[in-house]
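Asker: Quick one: the structure is below, and I'll ask about it shortly.
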Amino acid sequence: MTDFLPFTRPSIDEATIAAVADVLRSGWITSGPKVQAFEAALSEYCGGRTVRAFSSGTATLEVALRLAGVGAHDDRPGGVHRDTVITTPLTWVATANVILEVGATPVFVDIDPATRNIDLDKLESAIRADTKAIIPVDLAGLPVDRNRLYAIAERHGLRVIEDAAQSLGASWNGQFIGTTGDFVSFSFHANKNLTTGEGGALVLPADVDPALCERLRLQGVKRFPDGGMDVDVLGGKSNLTDIAAAIGLGQLRHLAEFTERRRHLARRYFERLAPAMGALGLELPPADFENSNWHMFQPLLPEVTDRGRFVAAMKAYGIGVGVHYPALHLFSLYRALGFREGDFPEAERVGRRTVTLPLFPAMSEADVDRVCAAIEQTLPLTT
Ligand SMILES: *Cc1c(COP(=O)(O)O)cnc(C)c1O
């Protein structure tokens, strides 16, 4: 019996484990010198832009929306006025949840089936008078076209909060995601290309005060040199620990090599699956080996395949298959807001058929071959 192959697994080296042990022995385990060093290293990676670390990617998105002034505004006598924020229905639900969390209204635009990212041809017609921001998502690490996106945002005076949770290490126009643009939000969740266990980071645009970002991160507290303090804004509690930052520093040293390895393994999947694609009825993901960091490898199953049975059959072969993601407007919380089946047919089609195959830097080419052989065995039995 071969070992179980999960769809993802973090690569943590011994030097990182030793660095975490050092933090644990140091007597200072929450936000401190390691967080500062991690922020400095991320800033260097982002071409010198200001970066602040958070306890999750969700928290970074929420704080970015608050910094952009997005939310509900009490315009008495007109009552409460809610900003709208445009995003994609095919993403981790966090992207839309944060819009609701700050009191704004999500407006979804269907995906472009060629990229599975927000359809930029349809974006402009969704912009309304109360639209304040766009949250593009680089699904599976494939960047949204930044040239077209920012041209639209500038034309309409909209803020952009790039949900780059999945695209750290990816690039656009030969520049790493995070080095350009408005707000850029990363996640360091255990499944992401760079992990701190849980964590996130926000790249700040030049017009935003980093001190306000820090106050929104920690109870709105402003400290004075004499030891006193004030609270002038309602902040949350989303600071990163030094334990997590030590992991992040160790991970960042390997980011380029992780990305290269993921691209290599993705190519191997293409080589193995492309010839059998027609016979199997599989639809392969967008083949981009220049920009994408290959956060996930996601073919679409034939419409007739029972995905639940396929996932179970692969598991019987010792292979973990994930589903990322069902179209989120069909979740109960969003249906209660009025969204319905048929609203975003392309996202729904991908959401119904998508599967995430194992892809992580420590995988071997033989592992890819094993996954492909198992697909060839199981797919005909589950349709
Ligand atoms: C992971 C993820 C998030 C949230 O990040 P957390 O660190 O889990 O809070 C947001 N958006 C997308 C697209 C993600 O993949």
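Laboratory data are not the source of any read-out in this text; all were calculated from the coordinates shown. Values in this document were obtained by computation on a predicted structure and should not be read as measured data. With ideal geometry, Cβ positions are generated from the backbone for all residues, glycine too; neighbour counts draw on all protein chains shown.
Asker: Could you grab the relative contact order for the range 255-382? Cα pairs under 8 Å, six or more apart, rounded to a whole percent.
Answerer: Normalised by residue count, the contact order of the range 255-382 is 35 percent.
Asker: Can I ask one more? If packing is taken as the mean number of other Cβ atoms within 10 Å per residue, what is the order of 180-187, 374-381, highest first?
Answerer: In descending order of packing, they fall as 180-187, 374-381.
Asker: Calculate the dipole size of the range 127-203 relative to its Cα centre from +1 charges on Lys and Arg beta carbons and -1 charges on Asp and Glu beta carbons; express the result in debye to the nearest 20.
Answerer: In debye, rounded to 20, the range 127-203 gives about 160.
Asker: For a quick check of your reading of the filter: which chymotrypsin sites (Phe, Trp or Tyr not before Pro) in the range 223-296 sit in a DSSP loop and have no more than 14 other Cβ atoms within 10 Å?
Answerer: The qualifying sites are PHE289.
Asker: Considering only DSSP beta bridges where both residues belong to the chain, give the percentage that are antiparallel (nearest 5).
Answerer: 60
Asker: Which one of GLY308, GLY79, GLY200 has the biggest mean-square fluctuation once the chain is modelled by GNM with Cα springs under 10 Å?
Answerer: So, out of GLY308, GLY79, GLY200, the one fluctuating most is GLY79.
Asker: Might you report the magnitude of the Cβ-based charge dipole of the range 255-382 about its Cα centre, with Lys and Arg at +1 and Asp and Glu at -1, to the nearest 20 debye?
Answerer: 320
Asker: If you don't mind, there's one more thing I want to ask. Just want the answer: with Cβ charges of +1 for Lys and Arg and -1 for Asp and Glu, which residue in TRP294, ALA274, PHE344 is farthest toward the dipole's positive end in the range 255-382?
Answerer: PHE344
Asker: Under a Cβ-only charge scheme (Lys and Arg +1, Asp and Glu -1), can you give me the dipole magnitude of the chain about the Cα centre, in debye to the nearest 20?
Answerer: 480
Asker: Using the beta-carbon distance between THR179 and ALA211 and R0 = 30 Å, what value does 1/(1 + (r/R0)^6) give for FRET efficiency, to the nearest 0.05?
Answerer: So, using R0 = 30 Å, E works out to roughly 0.85.
Asker: Then there's this: Checking the cross-link filter: which aspartates and glutamates have an alpha carbon closer than 20 Å to that of LYS237, excluding same-chain neighbours under 8 positions apart?
Answerer: Excluding near neighbours in sequence, the set is GLU39, GLU62, GLU101, GLU198, ASP209, GLU214.
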